[in-house]
Amino acid sequence: MARTLRRLTPAQGALPIIVLWALPLAASVLMLLPAIAEPDAWRQLQSHPQLWSALVLSLATGGGASVLALLMSVLVLAGLDRSRALPQLQALAAAGLALPHLAFAIGFGFLIMPTGLIARLIEGGTTPPPWVTVQDPWGLSLMLALALKELPFLLIAALAALARGDGTGRLTQERRVAASLGHGAGSVWLRVVLPQLLPSLRWPLVIVFVYGATVVDMALVLGPTQPPTLAVVIWHALNHADATVNGMGLAMTLVLTSVLAALVATTLLLLQVTLPRLRHWLCAGPSLLAAPRGMAVVTGTIAGLLMLAAILLLALLSVTPRWPYPALMPPAVTFAAWTTLGSSAAPLWLSLLLAAMTALVALGLALLWFETQPEGRDRWLIGLALATLALPQLAVAGGQYRLFLGLGLTGTLPGLFLAHLTPVAAYVLIILQGPYRAFDSRYMMAARSLSVPASTAWLQVKLSLLRAPVLTAAAIGFAVSMAQFVPAQLIAAGRYSTLPMEAVTLSAGGNRPLTAAFALCLAAPPLAAFLAASLLGRPRWR
Amino acid sequence: MALSLEEVSIRLDGHTLIKPFTMRLEKGVIVTLMGPSGSGKSTLLSFIAGDLTAPFNATGAVTLDGRNLDGLPPEKRRIGRLFQDDLLFPHMSVAENLLFGMPRGQQQARHAAMTAALAEAGLAGFAERPPHTLSGGQRARVALLRSLLASPGAMLLDEPFNKLDADLRAGLRDFVFRHIAARDIPCLMVTHDRADVPPGGRLLLLGRGEVRDA
């Protein structure tokens, strides 16, 4: 492979990723622009009775979830800083990251609903308590589920940034100095670690906020209905049979995207103005503030237990046809739902096939790019990848739908493949870029100086040393593909069905065992991929 | 003020790195400890400072000015440290670095002390600069000032001149020794460069697990 790579010109190395990923992506976003010039769509939008209340709900759930997730991650990191539990925390967070949002939302819903396990545990009685939890009108259950699900993402991003900052043990040494100057562990974390960490959390936070404010699948399961969040209003409009309603959906997507962009820009600007005013607090003098270890352990444990309980409950429900209210354990177990699932497993196979293919192709495209392009050109590609994640999925997928409709790609497998590749390649590029470019090329020179052929050196030295990030990128790509709902539903155009589509449809119906079985099928493969990646990627010398 | 070590010994995974020894460091005196790498010099400093981590462990008592430091976390020991790297916090200006460890109190007084320290060190006008814009020698001097402005009861120097160019070392040694002497506190320095030993200073050698006078 290395010899083939070396024979490729930079143009040949760049072409595949540009043709398969970058161009369709850019064209999709551009396809949104014609929606600006559709007066009918804007007239419908203005007279839509739920527009403003839905927009406020979207911003509140997305914003609230981001703030909550940030607070929880800061608390956990500050409390467990330099503790021996950090590797375990990292492994748990990776598992939480792999868990698809939708599967967690379904399990979480079963957990908190008035007839759910939590009500049975703390309320009991003969009838379910009058709780308003799932689909509550304020979007609180959606917000809480989002915050819990984004906690692992922020933890992973923060731990990666801290490991980068501590590459040579620098941050550890800085902590020592700060302690010798009279600062307690909590003060050291707030004054020395956090200020150096926050800049690298900027993009992850933007991604978390935009995702939360525009998520469709989770909002369909847990979010309010009268009015729903704006993403759900848009979703129904995009799936409407009437083309002018579709146009209104795209116009609403533009509104939502612009409002989010303005909000992010304003927040960043406000922080730029206010943060310098807090500087005097950095050097106000030594403080013996201790690390919030107890609170960190409690927060982490509750978050972890809720995620674990959601998954275990899915497993239990999938084999429980009837489970009358106050009983803590199901009266009988049958595998009827799994039999049903087995006889209609096409969505499962399609999802697995798409996930495996997009992960492998994205990995190949990324390696091809990194091997043939100078590092300076990464900026454009990484910028595009970040934009993919920071843009509402509705915007990218909505534009992609219009583009693919014109190209005759809707309702086709190639169309579905390209639609899944868009977010997968973005994640793979972002994860691989840092480790791949940080690779010390002198290892390759050393190998070549020992008369080892280029291909052997590439496989046995470079790829071997980069095994962990390469496998992680593939596993995340796989998980991201498995979880795609919006682009899958739009591009499939009713001709194909994937797991998330089945799970969303089922969750609106009353068949709990089958819903739980499909949600579990959605959760298991990404978790298995992560487990495999972390086992295979373990360095040999540890 | 004096720093006392009594029957201090250090072990690594069960085998003895430094055999029990006792010594007393008087105020205003710099004691130098030399030994090959891996002999446990820096580990001893970590033990005195209170941040020894596994797989190392240590026994023995450390007292500073009669106060037993056993079990106290590093931030409560009032022991300043200098490392090979200056370790100035990159997100703070020179002034903020200096104020970081200075005891709390009236803001004007703290600023005046900081400005005076910079001026005395020939660094007037550098207060608002980010650390990375200073030369290596300047950063090393700021790092020492930062430690001393925290009013430590003792100083530990861990090969502080190791990473500096040879032509800067002599000047910085003189600067460091002068400032520590002026504070009148005990100081323990580890190094593997005999030229680092202050003129007329006490020199200890660490070899085969034993600490003895040179």
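Hey, what did chain A get for relative contact order, percent, Cα under 8 Å, at least 6 apart?
Details: 754 pairs, mean separation 135.4, N = 542.
Once normalised by length, the contact order is 25 percent.
Comparing region A:187-257 with the 2.2 N^0.38 Å rule of thumb, its C-alpha radius of gyration ratio is 1.61 (two decimals). Our coupling estimate for region A:124-131, obtained by passing each phi through the Karplus curve with A = 6.51, B = -1.76, C = 1.60 and θ = phi - 60°, is x, x, 9, 10, x, x, x, 6 Hz, Gly and Pro reported as x.
Backbone phi angles across region A:361-372, fed through the Karplus curve with coefficients 6.51, -1.76 and 1.60 (θ = phi - 60°), yield HN-Hα couplings of 5, 4, 4, x, 4, 5, 4, 4, 5, 5, 6, 10 Hz in residue order; Gly and Pro are listed as x.
Shown in residue order for region A:239-248 are the 3J(HN,Hα) couplings computed by the Karplus curve 6.51 cos²θ - 1.76 cosθ + 1.60 at θ = phi - 60°: 8, 6, 6, 7, 5, 5, 5, 4, x, 4 Hz (x for Gly and Pro).
What percent does the relative contact order of region A:251-360 come to when contacts are Cα pairs within less than 8 Å and at least six residues apart?
Numbers: 23 pairs, mean separation 12.8, N = 110.
Over region A:251-360, the number comes to 12 percent.
How many angstrom lie between the Cα centre of region A:276-321 and the Cα centre of region B:46-96? Value for the Cα centre distance between the two parts: 30 Å.
Filter the GluC sites (Glu not before Pro) in region B:78-173 down to the DSSP loop ones having no more than 14 other Cβ atoms within 10 Å, then list what survives. Walk me through the intermediate numbers first.
Values: sites: B:Glu96, B:Glu120, B:Glu128; in loops: B:Glu128.
Within region B:78-173, the qualifying GluC sites (Glu not before Pro) (loop, at most 14 other Cβ atoms within 10 Å) are B:Glu128.
Using the C-alpha gyration tensor of region B:71-113, what are the square roots of 5 times its eigenvalues, in whole angstrom, with the largest one first? So the equivalent ellipsoid measures 21, 17, 8 Å along its semi-axes.
Per Stokes-Einstein, at 4 °C and 1.567 mPa s, what whole-number D in µm² s⁻¹ belongs to the protein assembly as shown, with the Kirkwood radius over Cα pairs as the hydrodynamic radius? Write down the numbers at each step before the final one.
Numbers: Rh = 29.5 Å.
After rounding, the answer is 44 µm²/s.
For region A:73-140, the alpha-carbon radius of gyration amounts to 1.52 times the rule-of-thumb value 2.2 N^0.38 Å expected for a compact globular protein.
Kirkwood analysis of region B:60-190, using all unique Cα-Cα pairs, places the hydrodynamic radius at 15.4 Å. On a per residue basis, the convex hull of the C-alpha atoms belonging to region B:21-102 measures out at 150 Å³.
Relative contact order for chain B: what percent, with Cα pairs under 8 Å and sequence separation of 6 or more?
Numbers: 393 pairs, mean separation 69.7, N = 214.
Rounded, it is 33 percent for chain B.
Using +1 at the C-beta of Lys and Arg and -1 at the C-beta of Asp and Glu, which of B:Leu168, B:Leu69, A:Ala290 has the Cα lying farthest in the positive direction of the dipole of the protein assembly as shown? Going by the charge dipole, the pick is B:Leu168. Placing unit charges on each Cβ (+1 for Lys and Arg, -1 for Asp and Glu) gives region A:1-144 a dipole about its Cα centre, and among A:Trp138, A:Ser28, A:Leu86 the Cα reaching farthest toward its positive end belongs to A:Leu86. Percentage of Cα-Cα pair distances in region B:139-214 greater than 16 Å, rounded to whole percent? When every Cα pair of region B:139-214 is considered, 51 percent fall beyond 16 Å. Taking only alpha carbon atoms, region A:389-542 gives an Rg to Rh ratio of 1.10, where Rh is the Kirkwood radius. I'm a student and want to see the number: the projected area of the Cα convex hull of region A:250-370, averaged over all directions, in nm². Computed as one quarter of the Cα hull surface, the answer is 17.2 nm².
No value in this document is a laboratory result; all are computed from the given coordinates. In this text, all values refer to a predicted model and were calculated from it rather than measured experimentally. Glycine gets a Cβ as well: all are built from the backbone with ideal geometry, and neighbour counts include every protein chain shown.
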